[in-house]
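Taking it in order: structure first as structure tokens, then the write-up.
The values are calculated or read from the model by the stated rules, or taken from the named source; none is laboratory data. The model shown is predicted, which means the values in this text are computed figures rather than measured ones. Here the Cβ is made from the backbone with ideal geometry for all residues, glycine too, and neighbour counts use every protein chain on show.
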């Protein structure tokens, strides 16, 4: 198709530059084209793919193709400028948000510069389990290694992992601005501390979790943490692990004792598959790694 010479490339560039989100899907570009075609003096028969080709030829847009090693999944995205891997990760699922190690980094709760990005995509709501929690069931579940998501996409030297989290209605998720000026949806500090206690494997392990609790000491509202934990309604007594972390990290007794007051009916574990030389804290009824 021969393009007319009056295409308003400056207006096109200005429009995309002012957009908050710089990672686009084909459908988004199709909608933009439909809304702006006349203003930009584009031919009526120019398709979205033709429009994309035009922008690529003008070095205004570039294409990336993300693949997953364990699935026949392929995600194509169109980038304006230099969006961060976090923004690219969020584009992989609608209403997704950053969590675990990614949230720690964005909240400045770790010195680690992670090459794995965790994106939480909530599952549909499921009925609450009516089974009774037993010590035997806890022991059996935590004797094995924690399951990890096998759905991830490679992007440059990053690994973008999609987590299928429980339905929470995006509980305690907020928007922060990255150093690159992007608006990123991410779990708040209290929700992040709960998430990494539940899934320490997605935070780099229990030592990294403890370090994050120490760094967050002056930022945490214990009441918000407790309210969030209650709404998450976990079957397992993760409050024992969270309270243990808080005590070890130097929180005031008036803070961690609120977790202890929730009860210690069962022996619990700081992480899955602890080695045989694990230690035991009788106050929290919690097994934890030796020399922790």
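Of the strands (runs of 3 or more DSSP E) lying entirely inside the range 153-193, not one contains at least 2 residues that are at pLDDT 95 or above and outside the structural domain of residue 210 (by TED's automatic domain parsing). If you go through the range 42-51 and keep only what is out of contact with any helix residue (DSSP H, G or I) (no Cβ under 6 Å at 6 or more places or on another chain) and surrounded by 14 or more Cβ atoms within 10 Å (Cβ to Cβ), you end up with 42, 43, 46, 50.
Only one of the numbered conditions (1) loosely packed, with under 13 Cβ neighbours inside 10 Å; (2) part of a helix (DSSP H, G or I); (3) in contact (Cβ under 8 Å) with a residue 24 or more places away in the chain is violated by residue 230, and that is (3).
Report whether or not residue 236 is under 22 Å from residue 137 (Cβ atoms), part of a strand (DSSP E or B) and at pLDDT 95 or above.
Criteria not met by residue 236.
Residue 70 meets each of the listed conditions (1) surrounded by 10 or more Cβ atoms within 10 Å (Cβ to Cβ); (2) in contact (Cβ under 8 Å) with a residue 12 or more places away in the chain; (3) within 31 Å of the chain's Cα centre (by Cα); (4) under 25 Å from residue 155 (Cβ atoms) apart from (1). When 97, 121 are checked against the criterion of being in contact (Cβ under 8 Å) with a residue 60 or more places away in the chain and within 16 Å of residue 166 (Cβ to Cβ), 97 stands alone in meeting it.
Annotation note: of 38, 110, the sole residue that is assigned by TED's automatic domain parsing to the domain that holds residue 213, in a loop (DSSP other than H, G, I, E, B) and either touching a residue at least 40 places away in the same chain (Cβ under 8 Å) or more than 30 Å from residue 208 (Cβ to Cβ) (or both) is 110.
Taken together, 92, 79 contain a single residue that is modelled with pLDDT of 95 or more and surrounded by fewer than 17 Cβ atoms within 10 Å (Cβ to Cβ), which is 79.
Note on the range 102-117: among residues that are out of contact with any strand residue (DSSP E or B) (no Cβ under 8 Å at 6 or more places or on another chain) and surrounded by 17 or more Cβ atoms within 10 Å (Cβ to Cβ), the one that is farthest from residue 190 (Cα to Cα) is 114.
Can you tell me which residue within the range 84-107, out of those that are out of contact with any helix residue (DSSP H, G or I) (no Cβ under 9 Å at 6 or more places or on another chain) and assigned to a loop (DSSP other than H, G, I, E, B), is nearest to residue 215 (Cα to Cα)? By that ranking, first place goes to 84. Scoring residue 211 on the criteria (1) surrounded by fewer than 17 Cβ atoms within 10 Å (Cβ to Cβ); (2) in contact (Cβ under 8 Å) with a residue 24 or more places away in the chain leaves a single failure, condition (1).
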